[in-house]
Amino acid sequence: MRTTNSRRMLLLAVFLLALALRLAAGFAMGGMYGDGEANRYLAAARSGEWESCAAPFYPLFLRSVQRIFGDMDLRPVRIVQALLGSSVVAALYVTGSAVWSSRVGFVAAIGGAVYPGFVYACASVHPDALLATIVAAMMAVAVAVANPSRRALLHGMLLALGALMQSRAAFFAPGLLLVNRRRAILMVASCAIVIAPWAVRTALERRAPVSRRCVQEGLKNSTFAWYAAERSATRLADRMYVNALMLYSWQPEDAVVRVPGGRERINPAHYVRKYSYLAILLLGTFAAARGLRREHFRFAGPALGCAALLILTTVLNDGAYRVFMEPLLLLYVANVVGYARRRPVQVV
């Protein structure tokens, strides 16, 4: 009992650390609106007239917060995002503890608390702050919920929330269906129930659940469209390589960011994220060398499958999809650090 209470207190301390860092970053940014993408989300939240193919959950989240606190200041949005974003540490702890050990779980939780990408996302007007928590929750449910029916229900709801947050989160579906293959119908039904209100609303307004323009744009921008245009397997392979490169590349100019007053400072997220996906490959190999178990496929499979589908079927023009893989990166790092052993000192 004493051990359990101490673990809870330690996890609470990690959560408070995560919350403090996110609140500090949010208040440092003040009431600034941010970049053009942030302004687009804010405009959609105010008007309620976002495109039918856009994921509506984040604008709805902004609209709900701003209706309560007003839309002249972004501090309330950042406070709520800090609270929800800090929950990622609990999901990482649960996954690391279930797959490896409580020590690995705590290392993963601490990594999630201080990871610059997650801290910055909570201070920004962007759905990544909430997506990271949703993706980490998918992993935790995969290994910590023993009841197959309950696991399928939760995965269906999380998949729906992720897809409504950012449409390409739907690429988690194949991996999650494989994890819940014996309860696939239950998972699909759970996902459909969550998405149904938005689909009905869109169907009534647009006379179709998804606009024709959205489908045409998606087909035009798919990786295989590059092959169809020139019938070149080399062209197709080149597009896949570029997509894989974009998953972990980072623009050099992002190494320095401007702060209020016109000053510049180093952006730590640039250096942390630069080779994050290459690190996942190497650290995942290390985890495999230690011996794979069924739990590894349960928590890592959907994220790896999502990355593979993004590479094969889309054109990645930026690094906005790192959040789909970063919880997995932190778990692999925790596996390495948590299992590290000090070699005994030999006295000559």
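For the reader, a short list of remarks on this structure follows.
- Evaluation of D35 against (1) within 21 Å of the chain's Cα centre (by Cα); (2) modelled with pLDDT of 85 or more; (3) loosely packed, with under 14 Cβ neighbours inside 10 Å (one fails), failing number: (2)
- Among (1) more than 13 Å from the chain's Cα centre (by Cα); (2) surrounded by fewer than 24 Cβ atoms within 10 Å (Cβ to Cβ); (3) among the small types (G, A, S); (4) modelled with pLDDT of 90 or more - the single one S87 does not satisfy: (1)
- Of the helices (runs of 4 or more DSSP H) entirely within the range 127-242, those holding at least 3 residues that are farther than 24 Å from M325 by Cα and either hydroxyl-bearing (S, T, Y) or at pLDDT below 95 (or both) occupy 184-206, 212-220, 223-230.
- Scope the range 141-167; condition farther than 22 Å from R63 by Cα, of a type outside the set (S, T, Y) and surrounded by fewer than 24 Cβ atoms within 10 Å (Cβ to Cβ); matching residues: V143, A144, V145, A146, N147, P148, R150, R151, L153, L154
- Cβ-Cβ contacts under 6 Å between residues 6 or more apart (or on different chains), taken from a first residue in the range 1-25 that is modelled with pLDDT of 90 or more to a second residue that is β-branched (V, I, T) and assigned to a helix (DSSP H, G or I), are listed as V14/V89; V14/I110; F15/V89; A18/V89; L21/V119; R22/V119.
- Some residue of the range 58-72 being at pLDDT 85 or above, farther than 20 Å from M9 by Cα, polar (S, T, N, Q) and crowded, with 17+ Cβ neighbours inside 10 Å: no
- Residue check for A108: at pLDDT 90 or above and closer than 28 Å to R7 by Cα: yes
- Restricting attention to the range 128-171, the residues that are under 15 Å from L92 (Cβ atoms) and of a type in the set (S, T, N, Q) add up to 1.
The values are calculated or read from the model by the stated rules, or taken from the named source; none is laboratory data. Everything numeric here is computed off the predicted structure, so don't read it as measured data. Don't worry about glycine lacking a Cβ; one is built from the backbone with ideal geometry, like all the others, and counts go over all protein chains shown.
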